Each structure stands twice: as C-alpha cells, then as structure tokens.
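In what follows, a single structure is set out as structure tokens and then discussed.
The values are calculated or read from the model by the stated rules, or taken from the named source; none is laboratory data. This is a predicted model, so every value here is computed, not measured. Here Cβ is always computed from backbone atoms with ideal geometry, including for glycine, and neighbour counts include all displayed protein chains. For accessibility, only protein heavy atoms count, side chains too; no ligands or nucleic acids. Shrake-Rupley method; radii C 1.70, N 1.55, O 1.52, S 1.80 Å.
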Amino acid sequence: MYVGPKKTPRDFGFKAGDYHIVVNDGTETAKAYDILGRLLWEVPALARGQYGDFEYKLPLSDTPPGLYQIGAIYRDYLANHSPAYDRTLLAYGWFSFDLVELEQQEIRYGRSGTMIHGGGSACGWPGAWAPYQPLYPTHGCVRMRNADLARVEALCKPFNTVYVSVYQEA
C-alpha cells in the first residue's frame, strides 16, 4: 500500500508541453509522462531518507508524499563538466531541482520534499560526480543518478511546468 498525492497536475492547469514525473519509493523508480500519459522514460530513484523506511514525518526521513512542481534549477554540470572537489557538488551532483509543494506538505507533515538531486557524499569524490553513481538515501530529497538528471533537465523548458508526484510505502 502506498501514500501519495491527493491532487493531480490537472488540478493545477496541466497543459501541452508540461510533464509529470512519478517517483515511487517502494519500487525505487521515477517515470516521466507527457500530457497524453505516454511514458517517456523510467529510471532508478530513491525518495528514501536516512532515518528509516515507512517514515516521512521526521527530519532526515523519506520524502513526504504528495504533489510538487519543479522550481529553481541548479545546472552545475553545464557550468563545468570536470570540476575540482567541491562539497556542494559532492552532495548534489550534476543538477538539482527545487521542489515546490502543492499540497501543503509542510503543514500536514511538518516538512516537505526539498529537491531532486544526484551526487551523494557516501560515493566520495569523484564518485559522486560519476554519471551512474550508486544511489544512497538523502535527508528527504529524491535522489537520482547524475546522467538521469539530464533527462529531467531536458523537460524543464521555458513556459513548461514539470510536476512531481511522490509515493511512499504506508
């Protein structure tokens, strides 16, 4: 059984050119869909925190379930494909995407999802900058492999909205 969003992207004006990424922590996948519901891609992803499974209300735990949209985007890979060691790049990888809550997760759960990002301090350097680094739990963010984040970035065009639904085990 899963806990997920109460609303859909259509409740927020889902239109041609917009995309929907569905992150399921139970299956450890992220799937991207277009406005017609066509599957564009499926990749490994974690919405798992460092506290423990089946928990999303505590700090350092799983990404709270619900609907988000991508806000600010940090395109560190486009700025420098081969950087020297950097603590931020170690933690967040090639791209990172702010998640804007659409279902008042902060009020409901006391916290909300923060970002989608790659990297991983547990991978060390330069391992955290590798295209297909291992996925380790975060502090409540969605983690994807760096190369797969380029797929997310490709969906983020001007005037498009990218919605993200997060499902957690209940």
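Overview of values
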quantity: Of all accessible heavy-atom area on the chain, the percent that carbon and sulfur account for (1.4 Å); calculated: 55
quantity: For region 1-80, alpha-carbon Rg relative to the globular expectation (2.2 N^0.38 Å, N residues); calculated: 1.24
quantity: For region 90-170, alpha-carbon Rg relative to the globular expectation (2.2 N^0.38 Å, N residues); calculated: 1.16
quantity: In the chain, lysine pairs closer than 24 Å at Cα, eight or more apart or cross-chain; calculated: 10
quantity: Value at 222 nm in deg cm²/dmol, rounded to 500, when DSSP H runs of n ≥ 4 in the chain each add -39,500 (n - 2.57); calculated: -3500 deg cm²/dmol
quantity: The chain, Rg to Rh (Cα coordinates; Rh as Kirkwood inverse mean 1/r); calculated: 0.95
quantity: Calculated FRET value between ALA122 and LYS15, using beta carbons and R₀ = 25 Å, to 0.05; calculated: 0.05
quantity: Whole-Å semi-axes of the ellipsoid equivalent to region 68-131 (Cα gyration tensor, √5λ, descending); calculated: 27, 13, 7
quantity: For region 39-170: accessible area per residue (Å², 1.4 Å); calculated: 45
quantity: Stretch gain in nm, segment THR88-THR27, where the contour uses 0.36 nm per residue and the Cα spacing is subtracted; calculated: 19.2 nm
quantity: Mean separation of Cα contacts under 8 Å (6+ apart) over length of the chain, as relative contact order %; calculated: 32
quantity: Förster radius 35 Å - calculated FRET efficiency between HIS81 and LYS7, Cβ distance, rounded to 0.05; calculated: 0.35
quantity: Cβ-derived FRET efficiency at R0 22 Å, ALA154 paired with TYR132, nearest 0.05; calculated: 0.80
quantity: Simple Cβ-charge dipole of region 66-129, Lys/Arg +1 and Asp/Glu -1, about Cα centre, in debye nearest 20; calculated: 120
